[in-house]
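**Q** Take this structure, written in structure tokens, and hold onto it; I'll ask about it next.
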Amino acid sequence: EVETRMQQLLQRQGGIKLGYNIKPVTIEEFNVDNVSMTTNGFEMLSSMVMTNFNLKNISLGNNNLSDSDLALLSQSLTQNKKAPLKSLILSFNKITCVGVEGLMNAVWGSSTLREIKLDNNMIKDRGAQLCSVVLGSIRLELLDVSFNKMSTVGVK
């Protein structure tokens, strides 16, 4: 059902799915919280992110997002550095340090990203340390890693 709604949204915005290749669309905000997307849904989302040069906000909270799902999104963000992404909400998922590493590599050097929410995931100390390394390369106003599995070692 989620994939069908995503396809309908893309068609309304001028995107046409051709396999996993999607014609460029002009979506600025993509909010798909609380829908338990499948891998197919993340593949479609990743294709859309790769070709959308206007995307400012992505919210994928509470979707059982795994590290492999996040890897698809991270790869798309890496390939589309032109997107003026400001906000990335990934709260209440199943992201670990593995997913955080790929994501931090993807957003490294972003001139537009201001907010990353990774709260309520499964991130340990190593993930917090990976986030802190990226802080020197981007101008975040908010990095939320609360309610994860990190100790004071990771927070320092």
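Read-outs: derived from the displayed coordinates by stated rules, not from any lab. Everything numeric here is computed off the predicted structure, so don't read it as measured data. Every residue, glycine among them, receives a Cβ derived from its backbone with ideal geometry; neighbour counts consider all protein chains shown.
**Q** Please give the contour-minus-distance gain from Asn105 to Asp33: 0.36 nm per residue of separation, less the Cα-Cα distance, rounded to one decimal in nm.
**A** 23.5 nm
**Q** Moving to a separate point now. Return the loop-located GluC sites (Glu not before Pro) in the range 38-144 (DSSP other than H, G, I, E, B) with at most 10 other Cβ atoms within 10 Å of their own Cβ; answer none if there are none. Each step should come with its number before you reach the end.
**A** On the way: sites: Glu43, Glu101, Glu115, Glu141; in loops: Glu141.
Here the GluC sites (Glu not before Pro) that fit, given the DSSP loop and packing criteria, are Glu141.
**Q** How much length would be gained if the chain were fully extended between Asn57 and Ser132, taking 0.36 nm per residue of separation minus their Cα-Cα distance, in nm to one decimal? Before the final figure, lay out each step's value.
**A** Details: separation 75, 0.36 × 75 = 27.00 nm, distance 2.17 nm.
Full extension of this stretch gives 24.8 nm more.
**Q** For the range 62-156, what relative contact order do you get, as a whole percent, if you take Cα pairs closer than 8 Å and at least 6 residues apart?
**A** Details: 174 pairs, mean separation 27.5, N = 95.
Relative CO of the range 62-156 lands at 29 percent.
**Q** Could you check the simple spin-label distance between Lys81 and Ser146, using points 7 Å along Cα→Cβ, in nm with one decimal?
**A** With each label placed 7 Å out from Cα toward Cβ, I get 3.4 nm.
**Q** Within the range 25-69, report the chymotrypsin sites (Phe, Trp or Tyr not before Pro) that DSSP leaves as loop and that have at most 16 other Cβ atoms within 10 Å. Intermediate values should be presented prior to the final figure.
**A** Values: sites: Phe30, Phe42, Phe53; in loops: Phe53.
Those that pass, being in a loop and sparsely packed, are Phe53.
**Q** While we're here: I'd like the chymotrypsin sites (Phe, Trp or Tyr not before Pro) in the range 61-156 restricted to DSSP loop residues with at most 13 other Cβ atoms within 10 Å, sorted by number. Spell out each step's value before the answer.
**A** On the way: sites: Phe92, Trp108, Phe147; in loops: Phe92, Trp108, Phe147.
Within the range 61-156, the qualifying chymotrypsin sites (Phe, Trp or Tyr not before Pro) (loop, at most 13 other Cβ atoms within 10 Å) are Phe147.
**Q** Which of the residue pairs Lys56/Lys124; Lys86/Lys117; Lys56/Lys82; Lys81/Lys117; Lys56/Lys94; Lys117/Lys149 have a Cα-Cα distance greater than 18 Å in the structure shown?
**A** On the way: Lys56/Lys124 28 Å; Lys86/Lys117 12 Å; Lys56/Lys82 11 Å; Lys81/Lys117 20 Å; Lys56/Lys94 23 Å; Lys117/Lys149 15 Å.
As for pairs spanning more than 18 Å Cα to Cα, those are Lys56/Lys124; Lys81/Lys117; Lys56/Lys94.
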